[in-house]
Every structure is written in C-alpha cells, then in structure tokens.
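Remarks on the structure that follows.
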Amino acid sequence: MTKHINKITAVLMLLFISFVLVFTIIKEKGKESFHENRELAQRPAFSPEDLYDGSFTRQLNTFITDHFAGRSHWISAKSRLGAQFSEKIINGVYIADGRLLDAEISKRSSFEKSVSEINRYVEGCNGAIYFVAVPTSSGIYDEYLPEYLLSNPENMQISSLYASLDSNIRKIDAYNILKMLKENYIFYRNDTKWTSYGAYCVYRTVIQKLGFLPTAYDKYTIDHVISDFRGNLYNRTLYDDINPDIIDIYTYPSGAEVISSTSYDNEGHIRQKLLYDKSMLNSNYKYRVYLGSEVPMIKIKTSVNNERKLLVIKDSYADCFIPFLTQHYSEIAVFSPEYSEKGLADFLNPNDYEQTLFLFGIESMSNENCFKVLNK
C-alpha cells in the first residue's frame with residue numbers, strides 16, 4: 001500500500017512540475033513586474049562566445065527565474081513562511097509588528113563624495129543654503145529592529161552628514177521632530193518614505209527657518225485618494241499581511257494658487273505639469289501622484305505676490321513636501337539631480353534664487369554619483 005501511495009505521489013509531483021514548466025515556457029513574457037515594480041530580464045540572444053564563457057547560461061537562468069509561472073505567489077508564500085518559522089528578514093526587509101522596515105540601514109556606504117560635491121556647489125552660491133536630511137521609517141522605528149542591525153543607526157548617520165557639510169549650510173533637524181511624533185501616521189507601513197502628514201510636521205519647522213509662518217493644519221482639506229498603496233518594501237518581499245497604506249492630497253482652498261507648473265526634460269522638451277497627478281494612481285508608481293513622473297527640473301509659479309524665489313534640490317522624499325511651500329513663494333524651482341543628465345546651470349542660474357533648500361532622504365546620500373551634476 002505504501003509503495004502505491006509513493007508512486008501516486010511521485011506521478012502527481014511530476015505532473016505538477018511539468019505543468020509549471022510548460023506554463024512558464026508558453027506564458028506571455030512581460031517587460032515589467034507589477035508587484036515587484038522592476039524590469040524583468042528578457043530572453044538572451046544566443047552566441048557561441050556567450051555559451052563558452054557561461055554568460056548565456058547565467059542570462060537564461062535569470063530570464064527563467066524572472067518569468068517563472070506564479071513567481072509573485074511563490075515569493076509571497078516564501079515571505080510568509082520566513083516570517084513565521086525563521087528570522088523575519090526577507091530580501092533585506094525586516095517584517096516587524098504592523099510594518100515593514102529596511103534591514104540594511106547599517107550597510108550604507110560613505111557620504112564623502114556626495115558631501116564633497118555639495119560643499120563644492122555651496123562655494124559658488126550667494127544665497128542662503130538650507131539642508132534637511134530625512135530619516136527612513138527604519139530610523140524612526142528602529143526599536144523594532146534587532147540590535148545587531150543597528151551598528152550604524154540613522155540618527156548617527158545624519159549627525160555625521162551634518163558635521164561634514166559646509167559650515168555655511170544651515171542644517172535643519174527632521175529626525176527628532178519625527179521621532180517625537182512616531183505614534184502618528186507619519187511613515188508608510190510598506191515603504192521607507194514619510195507620509196504627507198509626516199512631511200507637514202517637518203514643514204512647520206523648515207518654513208520658519210526660511211522666514212515664514214507655517215500654514216495651520218486646519219486650513220487644509222485632506223483627500224484620501226487611495227487606500228491600497230504598497231511601496232518599495234512590499235516590492236522587495238511581496239509580504240501582504242501588513243495593512244496597505246493611504247495616500248493623501250492636501251489642498252488649501254482659500255490659499256495661494258499654482259498658476260503654472262512647467263517641466264523640463266533632458267532632451268529640452270517643455271511641458272505643463274500637475275502638482276498632483278492623479279493619473280499615477282492607476283499605475284504601478286502611485287507615490288508619483290506627487291509632482292507626477294520624474295523629470296530633472298520643474299518650475300512652479302504661484303499667485304503669492306511677494307517675488308520670493310526658492311530653489312529646491314531634492315530626491316523623491318520632497319515630492320509630497322513641495323506643495324506646502326507653494327503658499328509662501330511666488331516661484332519655486334525644483335531640481336532632481338538623480339534624473340538629470342545635464343548640470344543644474346543648464347536649467348537656471350542658482351544665484352537668481354535667494355534661498356536654496358536641499359531635501360533628501362538619508363538613504364539617497366550614499367549615491368555618490370547623484371550630486372555630480374550640481375557642478376557640471
């Protein structure tokens with residue numbers, strides 16, 4: 001009886017494996033994974049040279065792995081099993097109680113090259129320079145992480161960064177503001193970034209440093225535009241036992257209006273752009289509802305009648321922050337060095353702006369190539 005059961009089990013297993021392999025071969029091969037939010041490997045071109053040196057085999061293995069039938073379901077199941085029966089780290093993400101956290105915060109490389117480029121840029125500026133380094137969710141909720149992952153915590157990373165920046169740069173503390181408010185919904189549960197409310201809490205301090213009174217919270221109308229957002233930490237794990245996130249849009253009905261928002265790309269194309277692009281909510285890049293698709297430069301003009309001009313040099317952490325600034329400046333230029341192939345000077349003269357605000361997530365500061373375009 002046992003032999004028959006073993007034979008039946010073997011046949012069923014073989015049939016299952018065969019079905020999965022056949023389906024993997026015949027199924028349509030996409031270019032991008034919706035759940036993992038990344039490009040998938042494409043079928044490699046065969047050549048005797050690539051076969052000989054082994055690169056064809058490696059490329060083919062990656063191609064099959066990326067397009068394996070039911071890949072997202074297998075990854076999700078693996079994450080669930082890992083969270084239940086082993087250490088709760090999946091693909092560099094720690095599964096905490098109620099949220100996902102980046103478990104690789106201590107592995108970031110030096111900020112030295114980024115700091116060098118920023119300091120070099122500041123030497124040629126006439127206006128006041130401000131810098132805000134924003135922690136990730138791992139920096140604020142680090143008590144959830146095991147001790148051995150905190151050999152270089154984010155508060156120490158930010159302190160080291162600020163100590164290295166030019167003394168003429170006015171550093172603004174975002175870490176302690178957010179740490180004090182950590183019981184509030186200031187960071188997404190499935191992404192490293194802050195929520196719009198988290199950005200607003202820091203805005204209140206930043207705008208005072210810039211010389212203005214902050215707009216009161218009760219002046220805003222808050223629209224919960226989507227409640228199923230899953231961000232970059234989910235993409236790495238496909239672990240869906242954490243509640244999805246809410247994306248909010250803040251508007252000030254009786255406040256200043258955005259008269260125009262113009263984007264400039266690397267090819268010189270100029271287009272009108274929305275401050276809030278709701279079409280992105282139907283894409284795999286829902287966070288881009290703030291400022292829309294990434295471009296090197298955006299110039300925003302408002303109905304504020306004070307002729308004050310601000311230059312913001314930023315990464316994606318600033319995208320939900322910038323709308324709050326529109327109540328205080330007649331013009332705001334927004335430069336994203338990560339997406340620029342040109343130097344900042346190719347888009348504008350920085351000395352035309354009386355104030356410059358650097359706003360970056362601390363995780364971006366180890367990207368040593370990001371800031372080269374400042375001095376190009």
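Bear in mind these aren't lab numbers, they're just calculated from the coordinates by the rules spelled out. It should be emphasised that the depicted structure is a prediction, and the values quoted were computed from it without experimental measurement. Heads up, the Cβs are rebuilt from the backbone with ideal geometry, glycines too, and the neighbour counts pull from every protein chain shown.
Once you list every other residue whose beta carbon is under 14 Å from the beta carbon of Ala318, what net charge do they have if Lys and Arg are +1 and Asp and Glu are -1? Residues close to Ala318 contribute a combined charge of -2. Contact order, relative form, for segment 100-375: 24 percent (alpha carbon pairs under 8 Å, 6 or more residues apart, mean separation divided by residue count). How many angstrom lie between the Cα centre of segment 272-340 and the Cα centre of segment 345-360? Here the answer is 14 Å between Cα centres. Against the compact-protein benchmark of 2.2 N^0.38 Å, the Cα-based radius of gyration of segment 100-375 scales to 0.96.
Classification of segment 258-322 by its C-alpha gyration tensor yields a prolate form. The axis ratio a/c (a ≥ b ≥ c) is 1.5 or more, and a/b outweighs b/c. Report the local net charge at Leu357: Lys and Arg +1, Asp and Glu -1, summed over other residues whose C-beta lies under 13 Å from its C-beta. After counting each charged neighbour, the total is +4. Extension gain, Glu104 to Lys179: 0.36 nm times the residue separation minus the Cα-Cα distance gives 25.0 nm. Straightening the chain between Asn168 and Tyr285 buys 38.5 nm, computed as 0.36 nm per residue apart minus the Cα-Cα spacing.
Which whole-number percent is the relative contact order of segment 201-339 (Cα, under 8 Å, 6+ apart)? Reported relative contact order: 21 percent.
Which of the pairs Lys193/Lys286; Lys113/Lys179; Lys301/Lys342; Lys273/Lys299; Lys309/Lys376 have their Cα atoms more than 18 Å apart in this structure? From the list (Lys193/Lys286; Lys113/Lys179; Lys301/Lys342; Lys273/Lys299; Lys309/Lys376), the Cα-Cα distance tops 18 Å for Lys113/Lys179; Lys301/Lys342; Lys309/Lys376.
Length available on full extension from Glu354 to Asn155: 0.36 nm per residue minus the Cα-Cα distance, which gives 68.7 nm. The Cβ shell under 14 Å around Ser330 holds other residues with a net charge of -1, Lys and Arg each +1, Asp and Glu each -1.
When the charge dipole of segment 100-375 is built from unit charges on Cβ atoms (+1 for Lys and Arg, -1 for Asp and Glu) and taken about the Cα centre, the candidate among Tyr234, Phe324, Val373 whose Cα reaches farthest toward its positive end is Phe324. Model label points for Leu213 and Asp228, set 7 angstrom from Cα along the Cα-to-Cβ axis, are 4.4 nm apart. Averaging 1/r across all pairs of distinct Cα atoms in segment 209-293 and inverting the result yields a Kirkwood radius of 15.5 Å.
Would you mind checking which residues have amide H under 5 Å from Ala174's amide H? H placed 1.01 Å from N; only 5 or more apart, or other chain. Excluding prolines and chain starts, which carry no amide H, the hits are Ala133.
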